[in-house]
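Everything below concerns the one structure shown next.
The values are calculated or read from the model by the stated rules, or taken from the named source; none is laboratory data. Here the structure is a predicted model, which means the values were calculated and not measured. As a convention, Cβ positions derive from the backbone with ideal geometry for all residues, glycine included, and neighbour counts pool all protein chains shown. We work out accessible area using only protein heavy atoms, side chains counted, and drop any ligands, DNA or RNA first. Shrake-Rupley method; radii C 1.70, N 1.55, O 1.52, S 1.80 Å.
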Amino acid sequence: MPTVQPLPPPRRPSIKAGFMTVTPDNVPGDPRFFVTQGPFGLEQLAQCSGAELRKAADGTETSTPFTGIAPLQSATRGQVSFLDNRRYLPLLEGTGAGAVIVAPAFADKVPPHAAVLVSKAPYQAWARIASLFYPPPPVRPGIHPSAVIGTGCEIDPTAAIGAFTVVGDGVRIGAGADIGSHVSIGGGVEIGARCRIGAHAALSHALLGERVTLLPGARIGQDGFGFAVTPEGFESVPQLGRVILEDGVEIGANSTVDRGSIRDTVIGAGSRLDNLVQIGHNARLGRCCIVVSQAGISGSTELGDFVTVAAQAGLIGHIKIGARARIGAQCGVMSDVEAGADVIGSPAMPFREFFRNVAFLRRMARKTTQDGGREKAEKA
Amino acid sequence: MPTVQPLPPPRRPSIKAGFMTVTPDNVPGDPRFFVTQGPFGLEQLAQCSGAELRKAADGTETSTPFTGIAPLQSATRGQVSFLDNRRYLPLLEGTGAGAVIVAPAFADKVPPHAAVLVSKAPYQAWARIASLFYPPPPVRPGIHPSAVIGTGCEIDPTAAIGAFTVVGDGVRIGAGADIGSHVSIGGGVEIGARCRIGAHAALSHALLGERVTLLPGARIGQDGFGFAVTPEGFESVPQLGRVILEDGVEIGANSTVDRGSIRDTVIGAGSRLDNLVQIGHNARLGRCCIVVSQAGISGSTELGDFVTVAAQAGLIGHIKIGARARIGAQCGVMSDVEAGADVIGSPAMPFREFFRNVAFLRRMARKTTQDGGREKAEKA
Amino acid sequence: MPTVQPLPPPRRPSIKAGFMTVTPDNVPGDPRFFVTQGPFGLEQLAQCSGAELRKAADGTETSTPFTGIAPLQSATRGQVSFLDNRRYLPLLEGTGAGAVIVAPAFADKVPPHAAVLVSKAPYQAWARIASLFYPPPPVRPGIHPSAVIGTGCEIDPTAAIGAFTVVGDGVRIGAGADIGSHVSIGGGVEIGARCRIGAHAALSHALLGERVTLLPGARIGQDGFGFAVTPEGFESVPQLGRVILEDGVEIGANSTVDRGSIRDTVIGAGSRLDNLVQIGHNARLGRCCIVVSQAGISGSTELGDFVTVAAQAGLIGHIKIGARARIGAQCGVMSDVEAGADVIGSPAMPFREFFRNVAFLRRMARKTTQDGGREKAEKA
């Protein structure tokens, strides 16, 4: 039977994937996929990351050049590791890493053989050191011969355009922009310098600032969900706005941002949207908002700056979320949220109230059921 | 560091996007993206929309030709605006629009300088006037030379097929159909007259009526999620049905409609699905259903006509939802719903019961906590 | 008005779709879309499915060759049908099928004219008989002339690569693999034998075992959602892991699997993900896990073998789910779940507790409201 899936082989300690046996986690920065730079000395790592360098407690020479990074549990002397999450503290003591990035509070937990890179922002320091070893691949300027380019376009000669990409009339693409394969760019779209547009992305009616990133399959600027309900069915309302993605915005894979109906849909500078996120027409996100996977923001709703919307949360339309508010996972927001508030639940309520309700309900339901059970037992 | 995102610049009052400074909302119908028709006189607008025309209360000449539309807050004398949502009533008084579409109840709230277009269906009237000024772009008949067309296809000469689109063997495409770029159409698929298929859509095992719209990235007709669970793992069950999208159906960006396993998956005429919606195999939607973003309908579930499923709601398989029922946002429906019912919550319950439960729980949890706090205070 | 949707025509008993009038359910295995094999005799069907054959109770000749399959309600004498769900028992009595696959408990409910194929795993038997009549289409080896193939690739001559597919440098593709159209395969990716990659899929930084299936629009291996929060905004953390999809994994349409940041994201052998599922970076799924549509698993979370995650459930990051645990639909999992546990609700709790809470709350809220109403009435 062609569709039968025979018993899969046992998985660990190694699996056969493709043509070779791979061991998960044998290496970050697999050379098939990443280009490595280095080696680098400790001084360079400290300088690049802004961390304070403390030599190994046992006097181990720190002149060893470092060749890469690794998680605490697998790192060796030539590798740098880091601790950001207190949950992994037990791994720190046993690490074989030659150097570890840590927050000041954990500096004395690093084993004596390892150098310490102390940083008040260890995750940021980690990001910088990782980028030093594994820089993003360079953009290869040029237009793939299979791409279809419209008339009247302005494409910077330092930009790259991938195979089978379609660029509509009058499109402008800035310096160093990296457009992947199979991208569809509608007429009149503007894409600023150093944007990265992933494979299969579709853009129309959109203006992108600089350094905007779209992951594969993102849909930007299509018709919003707007129609008049009539006794005879539905009648489409023309969607006449645009999408504006300000500088540094990132949009995840297969996420969708509808263009406005009569004003613009705007994603504020620096905001990051995860995969499978939905943004309705006319929505406004402030600067540096975070919208986690599978969350949805309905039409005309406005978010202030630095708002976080956790995974699978949903916001109805026409409401306002104040700056720095945090919307919990799976939260259902049906009305305005004040600046700085933390809400969760469906309908949304303050974190404290939500967990109080949960605890109360559990306690009462248990008690009542037990009482009921006792009564029944007594009657019997 | 190449991945560093420096501090984004302040956003408003204007932002630099792409190559130029844009002001959000400076115009609906940006000429880069939309073609404008007109100007039109008031009589034409009234006739097109079916609205009743009342001249400006202060006797302002209504012979001015109108050049476009705008929101209440930014419209000027040569533009038409509208009020549909009572929430925006304060904006009506201050509007500079030369004419406003309103429901009869709000006709006397229109400022005296503006003509009034009174309609019992103002949103529909608005849709028609907006379409008059900004008609959808015309279909440009013809097959892009890069498209790959199978054998035995019947493609109407008035249809358009975009770049890099793949059309399988025996496909039929009707008059005036507009197929975008990068579309994948499997063998035997039928697409009726005046359908619009967005970029990157994939269709297989599907029959589409007339005027069906698919937004970019919609997936129609792939294998349903069907397999037998055996002690050795999972065994695929062949999915032998089709997808039928009846006349006037619209499917949002990146939504997925699986084909049936042994019968058809059917979306009834006029129904509209938003972005990121999932429809399982064998599901049946009646006529003019609405399924809002990120909602999911599991396999073999049936919806009557005019059912609304709000955002992020989920329906389990093998249940029936009666005509005109309304399923609230994030609702989890585990059993049949009667025609005309309004349900919400997870598990689903009547709206009234849901909000009664929410209010009761909040009150009781607060009271108990306060009592507990008082008791503790008294003991201390 | 071009965007007007006139009243859709009445739907049933038949609809006009595309160019012809179709009746939903007139046939599984529409010859436009499926190739049929056969006819087959009862002995062959019994052998292929492992079912025990019992001749028709009324002595009807079972030598009739069977030409296909059909649901109970529409099957005729030359067709095989099956009963798997007790819900459809009433349909069994009235079926016109010539043979029916059933579990032993229902064998005596089959009408006397029909042969009985008795199986302890009737759905699996059904899968095998359906595959016998309607085998999956054969792979047509060869690389479409429009495909763009990188340097240093190893592509098995029995593999198929569709139109407009882009294959990066150093990619390896195994025997009998079937790569659809418009697929984007990043450099270094490995795809094992007999994989099926649907149209528009995008893969990068990924190693696939054998018999892996990706449905259209799946996104595998893009950047995870990782960044450091700084006072000045967000700073990307390089994502240096891979995605490993072990043997027999299936990923649904438009689902997204991010590559790991410092270790690998791994989907265990035989696991099946439905449409629109999100898997965060570094997540680990054991063997034969099921993740239903629109569910999401956050970064670094680990699932044991045979875990089921129902539709729209969400798991936070950095937790562990024990083997054979079942996570209910729309469940919000915020902490570890023990092996074999059944949880539901948001936050997650045992099934029994969840439904006890629901019942308690309903009862109490009703009672209190009624008491309150009575008190008010008495006061009046």
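Computed quantities for the displayed model
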| item | result |
| --- | --- |
| Any chance C:Val266 is under 18 Å from C:Ala323 (Cβ atoms) and assigned by TED's automatic domain parsing to the domain that holds C:Gly317 | yes |
| Members of segment C:162-183 found to be within 18 Å of C:Gly252 (Cβ to Cβ) and not charged (D, E, K, R), listed by number | C:Ile179, C:Gly180, C:His182, C:Val183 |
| Residues (touching a Lys or Arg at 6+ places or on another chain (Cβ under 7 Å) and farther than 12 Å from C:Leu132 by Cβ) located in segment C:34-77 | C:Thr62, C:Thr64, C:Pro71 |
| Residue in segment A:196-203 that is under 25 Å from A:Ile321 (Cβ atoms) and in contact with an Asp or Glu (Cβ under 9 Å, 6 or more places away or on another chain) present | no |
| Of residues in segment B:259-279 being at the interface with chain C (Cβ under 7 Å from one of its Cβ atoms) and part of a loop (DSSP other than H, G, I, E, B), the one farthest from C:Tyr123 (Cα to Cα) | B:Gly270 |
| Residue satisfying condition, being over 18 Å from C:Asp247 (Cβ atoms) and either under 21 Å from the mean Cα position of the chain (by Cα) or open to solvent by less than 30 Å² (accessible area, probe 1.4 Å) (or both), within set C:Ala228, C:Ala193, C:Ala218, C:Ala206 | C:Ala228 |
| Residue that is least open to solvent (accessible area, probe 1.4 Å), among those in segment B:342-365 that are more than 10 Å from chain A (Cβ to nearest Cβ) and within 25 Å of the chain's Cα centre (by Cα) | B:Val343 |
| Residue pairs meeting the criteria (Cβ under 7 Å; at least 6 apart or on separate chains; first at the interface with chain B (Cβ under 9 Å from one of its Cβ atoms) and free of Cβ contacts under 8 Å to residues at least 12 places away in the same chain, in segment A:210-227; second of a type in the set (Ser, Thr, Tyr) and open to solvent by 10 Å² or more (accessible area, probe 1.4 Å)) | A:Phe227/A:Ser236 |
| Hits in segment C:122-149 - residues which are small (Gly, Ala, Ser) and more than 9 Å from every other protein chain (Cβ to nearest Cβ) | C:Gly142, C:Ala147 |
| Residue count for segment B:316-331, restricted to those that are in a strand (DSSP E or B) and surrounded by 24 or more Cβ atoms within 10 Å (Cβ to Cβ) | 2 |
| Condition check for C:Ile179: crowded, with 24+ Cβ neighbours inside 10 Å, facing chain A (nearest Cβ under 10 Å) and of a type in the set (A, V, I, L, M, F, W, C) | no |
| Of the criteria (1) surrounded by fewer than 20 Cβ atoms within 10 Å (Cβ to Cβ); (2) assigned by TED's automatic domain parsing to the domain that holds C:Gly226; (3) more than 25 Å from C:Gly260 (Cβ to Cβ), which one C:Asp336 fails | (3) |
| Those residues of segment B:74-109 which are at pLDDT below 90 and either touching a Leu at 6+ places or on another chain (Cβ under 9 Å) or acidic (Asp, Glu) (or both), in sequence order | B:Asp84, B:Tyr88 |
| Matching residues, segment A:162-176, being open to solvent by 10 Å² or more (accessible area, probe 1.4 Å), in a strand (DSSP E or B) and under 18 Å from B:Phe164 (Cα atoms) | A:Val166 |
| Residues that are touching a Ser or Thr at 6+ places or on another chain (Cβ under 8 Å) and basic (Lys, Arg), drawn from segment C:209-235 | C:Arg219 |
| Some residue of segment C:235-242 being within 20 Å of C:Val183 (Cβ to Cβ) and more than 7 Å from chain A (Cβ to nearest Cβ) | no |
| The one condition in (1) of a type outside the set (A, V, I, L, M); (2) away from chain A (no Cβ under 12 Å); (3) within 26 Å of A:Gln239 (Cα to Cα) that B:Ser119 fails to fulfil | (2) |
| Scope segment A:150-161; condition part of a strand (DSSP E or B) and either in contact with a Pro (Cβ under 7 Å, 6 or more places away or on another chain) or facing chain B (nearest Cβ under 10 Å) (or both); matching residues | A:Glu154, A:Ala160 |
| Residue match in segment C:250-261 (condition: of a type in the set (Asp, Glu), over 26 Å from B:Gly296 (Cα atoms) and more than 15 Å from the chain's Cα centre (by Cα)) | no |
| Boolean, C:Ala313 is touching a Lys or Arg at 6+ places or on another chain (Cβ under 6 Å) and surrounded by 18 or more Cβ atoms within 10 Å (Cβ to Cβ) | no |
| Residue tally, condition assigned to a strand (DSSP E or B) and open to solvent by less than 10 Å² (accessible area, probe 1.4 Å), over segment B:236-258 | 6 |
| Residue in segment A:120-139 that is more than 30 Å from A:Ile161 (Cα to Cα) and assigned to a strand (DSSP E or B) present | no |
